[in-house]
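The values are calculated or read from the model by the stated rules, or taken from the named source; none is laboratory data. Quick caveat, the model's predicted, so the values are computed rather than measured. So basically every Cβ, Gly included, is an ideal-geometry build from the backbone, and we count neighbours across all protein chains shown. For accessibility, only protein heavy atoms count, side chains too; no ligands or nucleic acids. Shrake-Rupley method; radii C 1.70, N 1.55, O 1.52, S 1.80 Å.
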Amino acid sequence: WDGSLGNLAIKQTVTQKKDKVYFVTRVELTNTGTTTLTNIYYNRSLDPEPDATIGGNYSSDKKIIYQPNAISRNCLVVATGQDYDSAYVGLGSKDCRARCYITNTYTPDAPLSNVHGQNGAASGYIYNVNGFSSNNTSMGIVFNVGSLAPGETTELAYAYILKQADLDSALS
């Protein structure tokens, strides 16, 4: 997918290997303008219902597994089915600019800078490792890209995984 938002060109490429049960999205952001773009954030969220088609339950158990820290760049939020706990979906990255969250809204209802900074209008979100919700809530990952000078490009990547052990393989 190729698109733009003002002077920010966005190219998303989704890869799914034939023998794997995950897919990876790589995002390339380029400043096509003549001035520096600042305060750039990229967000991906989903309303996980991993066992809805099996049992009709639209709630799931969501949990923050990793947040980037001084030791690890891993960022992972997961949802498991409440009726079938083998129904699993995870959204993760190995990018230190990423932060995972759980919220009661489908897409963030607070500025992405607050969601990433875990403050202000987004203070009701769940961010802490082992943070948990069993309600019909959403989960997501937000990247703080920062600034891009004219002509500058940066890349980020995240994966949807169906088992936690695939995070390293998906983002290697």
Check your understanding: So which of T53, T35 ends up being more than 20 Å from the chain's Cα centre (by Cα) and part of a loop (DSSP other than H, G, I, E, B)?
Key -> T35
**Study point:** Filter result (under 23 Å from S59 (Cβ atoms) and under 14 Å from the mean Cα position of the chain (by Cα)) within region 107-124
**Key:** T107, P108, V115
**Study point:** Where a residue in region 1-26 is over 15 Å from S93 (Cα atoms) and its partner, wherever it lies, is outside any strand (DSSP E or B) and of a type in the set (A, V, I, L, M), with Cβ under 8 Å and at least six apart
**Key:** K20/A170; V21/L162
Review point. So how many residues does region 138-159 have that are crowded, with 20+ Cβ neighbours inside 10 Å and either modelled with pLDDT under 95 or not β-branched (V, I, T) (or both)?
Key: 7
Point to revise | Per-region count, region 67-92, residues modelled with pLDDT of 85 or more, loosely packed, with under 14 Cβ neighbours inside 10 Å and either assigned to a strand (DSSP E or B) or not hydrophobic (A, V, I, L, M, F, W, C) (or both) | key: 2
Point to revise | Whichever residue in region 160-172 is part of a loop (DSSP other than H, G, I, E, B) and of a type outside the set (D, E, K, R) and, among such residues, is most open to solvent (accessible area, probe 1.4 Å) | key: S172
Practice item. For region 93-125, enumerate the residues that are in contact with a Ser or Thr (Cβ under 6 Å, 6 or more places away or on another chain) and buried (at least 18 other Cβ atoms within 10 Å of the Cβ). Key: I102, T103, Y125
Revision key, fill the gap. Over region 41-55, the set of residues touching a residue at least 12 places away in the same chain (Cβ under 8 Å), farther than 27 Å from L156 by Cβ and open to solvent by 40 Å² or more (accessible area, probe 1.4 Å) is I54, G55
